[in-house]
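Below: the structure, in structure tokens.
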Amino acid sequence: MLVPGQPLTASLPFAEAGDRDKILALRTLGAELMALSSGTPDPALLNARVGWWQGALAGRAEHPALAAFALAEDTIKPAALFSPLLAVVAQSGPQPRFERFEEFCEHARATGGQVAAAEYRLKAESEQGAAAATEMGAAGWIFRRVRDIVQEARCNRWLLPLDLQAQFQVARQNVLEARGGPGWHGLVRTLVARAVTMGDQASAQLGSRQRHLLIHWSVEKRLAAMLVGRPEALLRRRLLPGHAGNVWVAWRTARKLQKQADRPR
């Protein structure tokens, strides 16, 4: 999780000190659960792994991320935060298919969105902003699907909605053969632009109490800008923004949020 180029590596040091261990454990758990489907092409094996995690969330098995979360957070049980995500992973199977962009977004909300909503609930006194956090997490999930599109296509995992494939005339074979062009550029920029709009509108609804979610979103948008600016490069390698730039953006956002918090009401 904490490797150069990843948003969490830059954003986590700017979270409140008492929240950092919770956030790291929570994000690690979310990543482990979301990776079940992409890393398990056999449905029977996926079901077995989901069953193991169901037992782990219920306390019948141990995992380092669960142990770390229990040490950092003793009031919220992980099953309450992650059982819905695990259910979506089990129901979707190893190779989910989407006919329309709206279905693709719903899956993003049910996976990446649930992880962001879980982080929101660590600091929230009500559910008022949970939907906004879900939208931000969904947008970040879409960025990562675009970033990893070539790697996933090589593993026979193709999540792009059919309506956008038809609109831009892009198929999995185009990606495998690294054939770019206007259609590919349009597809990447449309997916990223729609996700940025989702996340920006949602972030405006959260207050400074959700400090880390807002900082993390500002760093994720650096990846979005890189994807939009270099769609051809995406066909040749996995793009990641530089760590120094990520840290600078995280610091700038943290400073802005602190000024807002210090402003007299």
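Every number in this text was worked out from the coordinates using simple rules, so none of it is lab data. Just so you know, these numbers come straight off a predicted model, no measurement behind them. Because the Cβ atoms are built from the backbone with ideal geometry, glycine has one as well, and the counts that use them run over all protein chains shown.
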Among E220, E119, E127, whose mean-square fluctuation peaks in a Gaussian network model of the chain (Cα, cutoff 10 Å)? E127
Checking the a/c ratio against 1.5 first, then a/b against b/c, what shape does the Cα gyration tensor give for the chain? oblate
Mean-square fluctuation maximum in Gaussian network of the chain, Cα pairs under 10 Å, restricted to L176, L36, L223, hits L176
Starting from the eigenvalues of the Cα gyration tensor, five times each then square-rooted, give me the equivalent ellipsoid semi-axes of the range 209-265, largest first, whole Å. 30, 10, 8
Give the shape of the range 97-164 as rounded, prolate or oblate, defined through the alpha-carbon gyration tensor: a ≥ b ≥ c are the square roots of its eigenvalues, a/c under 1.5 means rounded, and otherwise the shape is prolate if a/b is larger than b/c and oblate if not. prolate
Along the dipole axis of the chain (charges at Cβ: +1 for Lys and Arg, -1 for Asp and Glu; origin at the Cα centre), the most positive-end residue among N156, P182, L86 is P182
Order of 27-33, 51-57 by packing, highest average Cβ count within 10 Å first? 27-33, 51-57
Give me the distance in nm between label points sitting 7 Å out from Cα along the Cα-to-Cβ direction at E177 and V3, one decimal. 3.1
Can you classify the range 26-153 as rounded, prolate or oblate using the Cα gyration tensor, where a ≥ b ≥ c are the square roots of its eigenvalues, rounded means a/c under 1.5, and otherwise it's prolate if a/b beats b/c and oblate if not? oblate
Expected max-MSF residue from G113, G93, G207 in the GNM of the chain (alpha carbon, under 10 Å) is G207
Based solely on its DSSP helices, what 222 nm [θ] is calculated for the chain when runs of n ≥ 4 H residues each add -39,500 (n - 2.57) and the sum is averaged over all residues, nearest 500 deg cm²/dmol? -22000 deg cm²/dmol
Number of Lys pairs (Cα under 20 Å; 8 or more positions apart or on different chains) in the chain: 6
Which of G59, A70, A117 sits farthest toward the positive end of the charge dipole of the range 38-128, with +1 on the Cβ of Lys and Arg and -1 on the Cβ of Asp and Glu? G59
